[in-house]
């Protein structure tokens with residue numbers, strides 16, 4: 001099932017949850033009908049929102065791929081290499097046991 005199919009299923013499920021809550025509230029609660037419908041609609045909206053939030057967390061889009069390295073810019077290779085593009089205004093220290101004195 002593709003991404004559109006999954007989100008369609010989430011939409012149908014959230015509508016079903018909403019409708020079930022309204023129907024259950026109308027069938028079970030002992031109040032007047034407008035209060036039962038309003039309570040069911042409120043509970044259904046909350047549960048549908050929880051379902052959609054879960055779906056966003058679970059089915060959300062994957063992380064975008066890393067951009068390709070810029071060609072012609074600085075390149076560093078190796079575990080302790082440093083590449084600075086432009087003006088370096090800080091202190092760069094590589095290696096073991098180095099001491100920076102000011």
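Read-outs: derived from the displayed coordinates by stated rules, not from any lab. Here the structure is a predicted model, which is why all the values come from computation and not from measurement. Cβ sites come from the backbone with ideal geometry, for glycine too, and all protein chains shown count toward neighbours.
Residues in the stretch 45-100 that are closer than 30 Å to residue 21 by Cα and surrounded by 10 or more Cβ atoms within 10 Å (Cβ to Cβ): how many?
So in the stretch 45-100, the residues closer than 30 Å to residue 21 by Cα come out as 45-61.
Adding the requirement that they be surrounded by 10 or more Cβ atoms within 10 Å (Cβ to Cβ) leaves 45-56, 59.
Count: 13.
Output the residues belonging to the stretch 24-36 that are surrounded by 14 or more Cβ atoms within 10 Å (Cβ to Cβ) and either in a loop (DSSP other than H, G, I, E, B) or out of contact with any helix residue (DSSP H, G or I) (no Cβ under 6 Å at 6 or more places or on another chain) (or both).
24, 29
As an exercise: evaluate residue 47 against (1) without any contact (Cβ under 8 Å) to a residue 12 or more places away in the chain; (2) in a helix (DSSP H, G or I) and give the number of the one condition it does not meet.
(1)
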